[in-house]
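A short worksheet on the structure shown next.
The values are calculated or read from the model by the stated rules, or taken from the named source; none is laboratory data. Because the structure is a prediction, the values reported are computed rather than measured. Cβ atoms come from the backbone with ideal geometry, glycine included; neighbour counts cover every protein chain shown.
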Amino acid sequence: MAADRERMVLAAFIAFAVLAGGNAVGIRFTNRELDPLWGAGLRFSLAAALLLVVMAVLRSALPRGRALTGALLYGVFNFAGAFALAYYGFVRVHAGLGQTLLALVPLATLLLAVAWRQERLRVAAVLGTLLALAGIAVMSRAPLREAVPLLNLLALVGSALCFAQAAVLVRRFPRLHPVAMNAVGMTAAAVLLVAGSVVAGESIVLPRRAVTWAALGYLVLVGSVAVFLLYLVVLRHWAASRAAYGFVLIPLVTVGLSVWLDDEPVGAGLVLGGLLVVAGVYVGALRPARVPPAVPLPAEDGRRRRPPAGRP
């Protein structure tokens, strides 16, 4: 039973990383016609509406109390903060290079989880992160020679920190069904992003080009709904720092798509860098851990429980 569950979670982890690989490319395409905050706000407005319909079909009740607080905070960090910064960063940064910066998420998540006393600092996790980052640096050495505005780079680093904080934060509140968690979180984010777009004086317009609609459709149906449902499934069973290792697999897909669809320059170290990334993910995330977490996790009914021994 436990082995079957672990295989299910691993499959969700791989699917999350593969499907999320198209997000940065999709953002680049929508940014060419839509202003950044408005593009993000429109995306999450449509995704939230779709998830609310799914909630109605499933007859899922809206969360209350601490569960609602957790879902709202998850939306503020994981969707509003992270994607406001990411959309701004991708205005001037190629998708592959930008996604490599987001590979900082596992290391940031690990350090934040340690700071919040959710996990112990494990040598394997640190080594895995550093190995994966080394591989990503090799993969993207050619794009790094290009002149890229510092503010756009810093925005993507800030986005990585928001993703990391969301992954740690969500585990401190009662668990929700992934559909309800994402529906509430994306609704809160949509409100904040659209309000921010209005305050910033952006153009509130619908796309006119077919390619923009195609990119938006992918970002809504796959990049928002499917990807983040899978991500929450992984977070339910894995430690935050382990789940965050999906962010070091995503660039493998993103770089290939960006080269194909967006003419992104890539150095000859793509294969070597990819092997280093895979090795880092195995060392830091997939290799069986021997030390259980220091702090028990909250169950859905509010009681405290501890995962099975040996699980990170």
Against the definition (modelled with pLDDT of 90 or more, part of a helix (DSSP H, G or I), of a type in the set (S, T, N, Q) and surrounded by fewer than 24 Cβ atoms within 10 Å (Cβ to Cβ)), how does THR30 come out, yes or no?
no
Could you please find all residues in the stretch 109-127 being assigned to a helix (DSSP H, G or I) and surrounded by fewer than 23 Cβ atoms within 10 Å (Cβ to Cβ)?
LEU111, LEU112, VAL114, ALA115, VAL123, ALA124, VAL126, LEU127
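Looking at the stretch 52-76 only, could you name the residues that are crowded, with 23+ Cβ neighbours inside 10 Å and out of contact with any Gly (no Cβ under 7 Å at 6 or more places or on another chain)? If you could, list the steps in order and put the result at the bottom.
Step one: list which residues in the stretch 52-76 are crowded, with 23+ Cβ neighbours inside 10 Å, which gives 70-71, 74-75.
Result: GLY70, single match.
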Please enumerate the residues belonging to the stretch 153-178 that are more than 24 Å from ARG120 (Cβ to Cβ), among the aliphatic types (A, V, I, L, M) and surrounded by fewer than 21 Cβ atoms within 10 Å (Cβ to Cβ).
LEU153, LEU154, VAL157
Would you pick out the residues in the stretch 241-268 that are within 12 Å of the chain's Cα centre (by Cα) and small (Gly, Ala, Ser)?
ALA243, ALA244, GLY246
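With respect to ARG209, determine if the residue is touching an Asp or Glu at 6+ places or on another chain (Cβ under 7 Å), over 21 Å from ALA15 (Cβ atoms), among the basic types (Lys, Arg) and touching a residue at least 60 places away in the same chain (Cβ under 8 Å).
Working: touching an Asp or Glu at 6+ places or on another chain (Cβ under 7 Å): yes; over 21 Å from ALA15 (Cβ atoms): yes; among the basic types (Lys, Arg): yes; touching a residue at least 60 places away in the same chain (Cβ under 8 Å): yes.
Criteria met by ARG209.
Mind checking whether some residue in the stretch 183-204 is out of contact with any Asp or Glu (no Cβ under 6 Å at 6 or more places or on another chain), under 30 Å from ALA56 (Cβ atoms), in a loop (DSSP other than H, G, I, E, B) and modelled with pLDDT of 95 or more?
If we filter the stretch 183-204 for residues that are out of contact with any Asp or Glu (no Cβ under 6 Å at 6 or more places or on another chain), which is where we start, we get 183-201, 204.
In the following step, the residues that additionally are under 30 Å from ALA56 (Cβ atoms) were identified as 183-198, 204.
Going one step further and asking which of them are in a loop (DSSP other than H, G, I, E, B), we end up with 204.
Those left that are additionally modelled with pLDDT of 95 or more: 204.
Within the stretch 183-204, one or more residues are out of contact with any Asp or Glu (no Cβ under 6 Å at 6 or more places or on another chain), under 30 Å from ALA56 (Cβ atoms), in a loop (DSSP other than H, G, I, E, B) and modelled with pLDDT of 95 or more.
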Show the residue pairs that are 6+ apart or on different chains and have beta-carbon atoms under 7 Å apart, the first residue being within the stretch 110-132 and on the phi < 0 side of the Ramachandran plot and polar (S, T, N, Q), the second being surrounded by fewer than 21 Cβ atoms within 10 Å (Cβ to Cβ) and not in a helix (DSSP H, G or I).
GLN118/PRO293; GLN118/VAL295
Is there a residue in the stretch 219-231 that is buried (at least 19 other Cβ atoms within 10 Å of the Cβ), in a loop (DSSP other than H, G, I, E, B) and out of contact with any Leu (no Cβ under 7 Å at 6 or more places or on another chain)?
no
Residue check, ARG5 against (1) buried (at least 24 other Cβ atoms within 10 Å of the Cβ); (2) among the basic types (Lys, Arg); (3) farther than 30 Å from ALA210 by Cα, all met but one. Which one?
(1)
Residues in the stretch 59-70: is at least one assigned to a helix (DSSP H, G or I) and within 13 Å of THR187 (Cβ to Cβ)?
yes
Would you call VAL138 surrounded by fewer than 24 Cβ atoms within 10 Å (Cβ to Cβ), more than 20 Å from the chain's Cα centre (by Cα), modelled with pLDDT under 90 and part of a helix (DSSP H, G or I)?
yes
